[in-house]
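K.L.:
First, the structure itself, so that you have it in front of you.
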Amino acid sequence: MKVWKSFFSGIKDAVLRPKMVFVLWLVNFLFASVLYFLVSGFLTDVLSRSGIAESLIKKGDFNVILDILTHHGGQAGTIFSVAIILFFLYILASLFLRGGILFSLAESLPSSTEKNKERFASIFFRGAGRFFGRFFRLMIYSLILWAGFVLINAIFHFLVGIVTSSGDNERMIFYMFWARLVVFFFFYFFVLMVLDYARIKIVLENSKKVFQNMFWALGFVQNKIGRTLGLYYLLVITGVLITIAYWLLDSFISRHTMVMVLAAFVLGQIFILARSWLTIGFQAAQMRFLDSGRQLPKETGG
Amino acid sequence: MKKFVFLVFVLSLFFVLPAAAARSKHIVDYRIKARLDTEQKAVDGQQVLTWLNDSDVPVSELQFHLYLNAFKNNRSTFMIESGGESRNFKLDEQHWGYIDVKSVRILYGPDLTDDMEFIHPDDDNQEDRTVMRLLLPEPVQPQQKIMLEIEFFSKLPKVFARSGFHGDFFMVAQWFPKLGVFQDGEWNCHQYHSESEFFADFGVFEVEITVPREYIVGATGKRKDQTENDDGTVTYTHYQEDVHDFAWTASPNFIEVRKRFTLDEPKVNTEMIFLIQREHEILKDRYISSLSNGITFYSRNYGPYPFETITLVDPPLRAMGAGGMEYPTLFTAGGASFIPEGVRMTEMVTIHEFGHNFWYGMVASNEFEEPWLDEGFNSYSEVKAMSEYYGKDTSMVDVLGIKIGDFHSQRMNIIGSGRLDPILKKSWEFYSGGSYGVNSYAKASFVLLMLENYLGEQVMGRIMKTYFERWSFRHPKTQDFIDVAEEISGLDLDWFFDQFLKSPDKLDYAVTEVTSQEVKMPKGIFDEGEVLTGEEEVSEKKPQKTYKNRVTIVRKGEWIFPQDILINFEDGEQMRETWEGRERWIRFVYYKPVRLKSACVDPENKVVIDINYLNNSRLREPEKAPVTKYSLSLMLFFQKLLSLLAG
Ligand SMILES: [Zn+2]
């Protein structure tokens, strides 16, 4: 019950925060626009004057990709490097926003003592500023968890190697490929989930003990493994459903005219908005879940 | 008396010349008994070999290929050149392979076992044992035959570089002592190199293959006989004339599918035999349809497939080092049960390897010395066949909206490659394995495509048919093809072949300038002190405005090829120009009442080997729509990535 309740409250919390969704989308959009301008400048340079450009809107041409990568690979490589830098900067920006999201959400929890009447922005950015340093440290400490993640995958890879090298069963090789993928994602999500709870705990208790909280979260997740996973995968499935819906809609749009290209782009933005909304939903639901467990000792103690 | 002389003459012809029905001159005749030892992963063999000295000089030695010795140790020329890695597979050092010639004797004559020695005609590698010389007690006179009895033991490596075993799958190729080719008064018998294939003479092969009963066998040629033995083995006898090699495979895990293939025009009637791994049963229909496509395409375009059988061997996924390889009337394909239908690797390999029955099997050029004559011709045929059956832009990949043609995949190899080697080179003398591959396959294929575009499809079709007809069951060289091409086209094509086969350069023509400027009214001081201001009324004869339109074409590569140029004006008018393409650049200027819109070299994309298609055309005003389209798509892709991975 608690899982479903947390899930729906979390979803509701996210619905009630359109500004927050907008901020997440906007940051995503702005980071990606840098790439847009770089790519657009590059393609204007290498493609827009070629006669091939005339027909490209109607029909793709693999030769164009070959020629661009072969003859302008240096520039393309530079853009790729910039994209990687943007990616890492975006991780930092997300960390910053995460503090804002969690702090704002915490303010409106039923267990919250102070009912804040401040404006959204001031709460959001106060939270973002206050917790950025701690979350950054958490990110560094989390390398321990990621090391564990790598180790588990390596062990599994080794075991699969033993199984598949002795046999010749092609089906087996195929299934083992998928098994490896499942293990990979299961533990990937597991680490993300632990870090989510660690951050939530840090915010709820305004704690500075980052390292301890990370291991507290690991213990918390392990103690309630069924429920934490249940809640997490409800959210993951929601994400998958959103993605499928997007793919279906997108598959109807053939990008053969400029209008359709723009329509596809707008649909894409709606998808990113939905993703931003779900990110908040993830945080809100997990916060509800953690908080509901946290209230019990308070009540019995008081 | 006269009659008697005539009779002797006729009889001698009968002994020396092949029977009238034979397609090739039977220089060799191999009768081999082979017994597979599935425990030892080895073949015990006895062969009776007849060789005809078809030259006009006496020959006092024979030279044999002992290919399996390439895998004997890490000092063989093959292993040194390849670094122990071939076709993305490493040699398993627990399972070296070798061939041991246990004895040689002249049939019913003296033992010559002590007269064997290893030689190294290509390098000074004393450790290489892939070529053996046998000194004969007496020379073989012209048009005389010699018959030898040879006992050998072939230990197979774990599948590596085409041959070997994997579990209970056996691909027995290059496995017996095989004679080189006595050509131009000497033996042509090269060592086994990392980047080389094979060369041998035509003749007759009859091979008795003995394997445990549960093994299914496929082999070159037609099955003549099948005998159950008391020791739980079966002996299969295969026979084939007019081939120059013999390969076979055995495994208990094959599903055998036999299907008759017939074609009316030209007449083809052959049995397709598919030996498919049990777990690849899902590939059965793909194999059947692609092989049928292959036989149809090659028969229609070059000449009817003449043999009674064609065997497709599907190796296990982990023995792919044996996959994708041609032998006469038998070839290995490749695939995996989980490869989606839109990824046409299986089809491409099937068509390509089948196609080698034409370019290698019948038109048997020297793969060591002129690899382009088989791989290039076959890649050219393959790309055309793939386009015909699976679409030019979709023949390799057509899955999830991603479309890639075989043409693209060949082109991808060419445009980024270095200028290190010409196409015409001995296979082991290329700068690297990659350079051998690009030049012998894709670049050679594109040179032929370009020749086709230059001469026209019909003329090229006639050239290919004539070359096939004239040279099948023989050993043509590059000049023989050039001669056919010049004869059929009636053109001197030396300029073409000299460039594209003998120099390592590239071809790149570019439109570098497309401008249009309004011609200003006369201004300043002219004859007799007349001063014009540029604003005078224009005379009635002249149009209101005139534009000076300029198009500049630059030759950026070293290779020269005549270029068609198409010029578009804004009112829809088109102009065509031609340029020999010799100078480094050329400029066309047009004074017209309309502006230029665009210019394009090679508008029909005939000069396929041009390394950059983007610069083949130029617009006066940039076209921004695709730029926006792709920039937005990439931006959205990046947004999704950020949101999914870093959100
Ligand atoms: Zn080939």
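The values are calculated or read from the model by the stated rules, or taken from the named source; none is laboratory data. From a predicted model like this one, the values you see are computed outputs, not experimental measurements. Reconstructed Cβ throughout: ideal geometry from the backbone, glycine too, with neighbour counts over all protein chains shown.
K.L.:
From the list B:Glu573, B:Glu604, exactly one residue is exposed (fewer than 15 other Cβ atoms within 10 Å of the Cβ) and within 14 Å of chain A (Cβ to nearest Cβ). Which is it? Don't jump to the end; show me each part of the working.
P.N.:
Numbers: B:Glu573 fails: within 14 Å of chain A (Cβ to nearest Cβ).
On inspection, the qualifying residue turns out to be B:Glu604.
K.L.:
Related question: Could you check the range B:335-355 and list, in sequence order, the residues that are assigned to a loop (DSSP other than H, G, I, E, B) and crowded, with 24+ Cβ neighbours inside 10 Å?
P.N.:
Result: B:Gly335, B:Arg344.
K.L.:
Give the residues of the range A:36-64 that are facing chain B (nearest Cβ under 7 Å), farther than 27 Å from B:Leu566 by Cα and either over 33 Å from the mean Cα position of the chain (by Cα) or surrounded by fewer than 21 Cβ atoms within 10 Å (Cβ to Cβ) (or both), sorted by residue number.
P.N.:
Within the range A:36-64, A:Tyr36, A:Ser40 meet the criteria.
K.L.:
Within the range B:79-129, which residues are under 29 Å from the mean Cα position of the chain (by Cα) and in a helix (DSSP H, G or I)?
P.N.:
B:Met79, B:Ile80, B:Glu81, B:Ser82
K.L.:
Kindly indicate which of A:Arg227, A:Arg288, A:Arg255 is touching a Lys or Arg at 6+ places or on another chain (Cβ under 7 Å), crowded, with 18+ Cβ neighbours inside 10 Å and of a type in the set (D, E, K, R).
P.N.:
Checking each option against the conditions leaves just A:Arg255.
K.L.:
Oh, and also: Taking the options A:Phe174, A:Phe190, A:Phe215, A:Phe211, name whichever one is buried (at least 16 other Cβ atoms within 10 Å of the Cβ) and over 30 Å from B:Gln277 (Cα atoms).
P.N.:
Result: A:Phe190 is the single residue among A:Phe174, A:Phe190, A:Phe215, A:Phe211 that is buried (at least 16 other Cβ atoms within 10 Å of the Cβ) and over 30 Å from B:Gln277 (Cα atoms).
K.L.:
Follow-up question, since we're still on this one. For residues that are among the aromatic types (Phe, Trp, Tyr) and away from the ligand (no atom under 13 Å from the Cβ), scanning just the range B:349-404, find the one that is farthest from B:Asn293 (Cα to Cα).
P.N.:
The residue in question is B:Phe368.
K.L.:
Restricting attention to the range B:334-343, does a residue exist that is at pLDDT 95 or above, within 15 Å of the ligand (Cβ to nearest atom) and among the small types (Gly, Ala, Ser)?
P.N.:
no
K.L.:
Under 6 Å by Cβ, and 6 or more places apart or on different chains, what pairs join a residue from the range B:337-359 that is within 14 Å of chain A (Cβ to nearest Cβ) with one that is surrounded by fewer than 23 Cβ atoms within 10 Å (Cβ to Cβ) and not in a helix (DSSP H, G or I)?
P.N.:
B:Pro340/B:Val399
K.L.:
I'd like to check something: does the range B:122-132 contain any residue that is more than 14 Å from chain A (Cβ to nearest Cβ), buried (at least 22 other Cβ atoms within 10 Å of the Cβ), touching a residue at least 60 places away in the same chain (Cβ under 8 Å) and among the acidic types (Asp, Glu)?
P.N.:
Within the range B:122-132, one or more residues are more than 14 Å from chain A (Cβ to nearest Cβ), buried (at least 22 other Cβ atoms within 10 Å of the Cβ), touching a residue at least 60 places away in the same chain (Cβ under 8 Å) and among the acidic types (Asp, Glu).
K.L.:
While we're looking at this one, here's another question. Pull up the range B:493-522, narrow it to residues that are in a loop (DSSP other than H, G, I, E, B) and in contact (Cβ under 8 Å) with a residue 60 or more places away in the chain, then point me to the one that is nearest to B:Leu566 (Cα to Cα).
P.N.:
Here the answer is B:Asp508.
K.L.:
Residues in the range B:313-334 that are more than 15 Å from the chain's Cα centre (by Cα), among the hydrophobic types (A, V, I, L, M, F, W, C) and surrounded by 24 or more Cβ atoms within 10 Å (Cβ to Cβ): how many?
P.N.:
So the count comes out to 4.
K.L.:
Just the residues that are assigned to a strand (DSSP E or B) and without any contact (Cβ under 8 Å) to a residue 40 or more places away in the chain, please, taken from the range B:29-63.
P.N.:
B:Asp37, the sole residue that qualifies.
K.L.:
Give me the pairs, please: first residue somewhere in the range B:307-327 and more than 14 Å from every other protein chain (Cβ to nearest Cβ), second residue anywhere and assigned to a helix (DSSP H, G or I) and more than 15 Å from the ligand (Cβ to nearest atom), beta-carbon distance under 8 Å, and either six or more positions apart or on two chains.
P.N.:
As it stands, the answer is B:Ile310/B:Leu291; B:Ile310/B:Ile295; B:Leu312/B:Tyr287; B:Leu312/B:Leu291, since those pairs meet every condition given.
K.L.:
Taking B:Pro562, is it surrounded by fewer than 20 Cβ atoms within 10 Å (Cβ to Cβ), more than 7 Å from every other protein chain (Cβ to nearest Cβ) and more than 30 Å from A:Ile272 (Cα to Cα)?
P.N.:
yes
K.L.:
Looking at the range B:365-392, I want the residues that are in contact (Cβ under 8 Å) with a residue 12 or more places away in the chain and away from every other protein chain (no Cβ under 14 Å) and have a partner that is more than 14 Å from the ligand (Cβ to nearest atom) and small (Gly, Ala, Ser) with Cβ atoms under 7 Å, at least 6 apart or on another chain. Which pairs are those?
P.N.:
B:Met386/B:Ser395
K.L.:
While we're here: Quick check on my filter: what residues within the range B:148-197 are over 26 Å from the mean Cα position of the chain (by Cα), more than 14 Å from chain A (Cβ to nearest Cβ) and among the charged types (D, E, K, R)?
P.N.:
B:Glu149, B:Glu151, B:Lys155, B:Glu186
K.L.:
Could I ask something else about it? Is it the case, given these coordinates, that B:Ser435 is within 15 Å of the chain's Cα centre (by Cα), more than 16 Å from the ligand (Cβ to nearest atom) and outside the structural domain of B:Glu197 (by TED's automatic domain parsing)?
P.N.:
yes
This table checks each residue for (1) part of a helix (DSSP H, G or I); (2) more than 14 Å from chain B (Cβ to nearest Cβ); (3) out of contact with any Leu (no Cβ under 7 Å at 6 or more places or on another chain); (4) in contact (Cβ under 8 Å) with a residue 12 or more places away in the chain.
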site: A:Val191; (1), (2), (3), (4): yes, no, no, yes
site: A:Gly219; (1), (2), (3), (4): yes, yes, yes, no
site: A:Gln222; (1), (2), (3), (4): yes, yes, yes, no
site: A:Leu231; (1), (2), (3), (4): yes, yes, yes, yes
site: A:Ile237; (1), (2), (3), (4): yes, yes, yes, no
site: A:Leu241; (1), (2), (3), (4): yes, yes, yes, no
site: A:Trp247; (1), (2), (3), (4): yes, no, yes, no
site: A:Asp250; (1), (2), (3), (4): yes, no, no, yes
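K.L.:
Also, I was wondering about something else. Among the residues of the range B:293-302, are any in a helix (DSSP H, G or I), in contact with an Asp or Glu (Cβ under 7 Å, 6 or more places away or on another chain) and not assigned by TED's automatic domain parsing to the domain that holds B:Val243?
P.N.:
Yes, because at least one residue in the range B:293-302 is in a helix (DSSP H, G or I), in contact with an Asp or Glu (Cβ under 7 Å, 6 or more places away or on another chain) and not assigned by TED's automatic domain parsing to the domain that holds B:Val243.
K.L.:
Here's a follow-up. Inside the range B:422-491, counting only helices (runs of 4 or more DSSP H) that do not spill past its ends, which hold 3 or more residues that are over 26 Å from B:Pro304 (Cβ atoms)?
P.N.:
B:433-437, B:444-455
K.L.:
Of A:Ser104, A:Ser50, which residue is part of a loop (DSSP other than H, G, I, E, B), hydroxyl-bearing (Ser, Thr, Tyr) and touching a Lys or Arg at 6+ places or on another chain (Cβ under 9 Å)?
P.N.:
Of A:Ser104, A:Ser50, the one residue that is part of a loop (DSSP other than H, G, I, E, B), hydroxyl-bearing (Ser, Thr, Tyr) and touching a Lys or Arg at 6+ places or on another chain (Cβ under 9 Å) is A:Ser50.
K.L.:
Looking at the range A:74-103 only, could you name the residues that are within 18 Å of A:Ser40 (Cβ to Cβ) and at the interface with chain B (Cβ under 10 Å from one of its Cβ atoms)?
P.N.:
Within the range A:74-103, A:Ile79, A:Ala83, A:Leu86 qualify.
K.L.:
Looking at the range B:405-418, which of the residues that are assigned to a helix (DSSP H, G or I) and away from the ligand (no atom under 16 Å from the Cβ) is surrounded by the fewest Cβ atoms within 10 Å (Cβ to Cβ)?
P.N.:
If we take residues in the range B:405-418 being assigned to a helix (DSSP H, G or I) and away from the ligand (no atom under 16 Å from the Cβ), then B:Met412 is surrounded by the fewest Cβ atoms within 10 Å (Cβ to Cβ).
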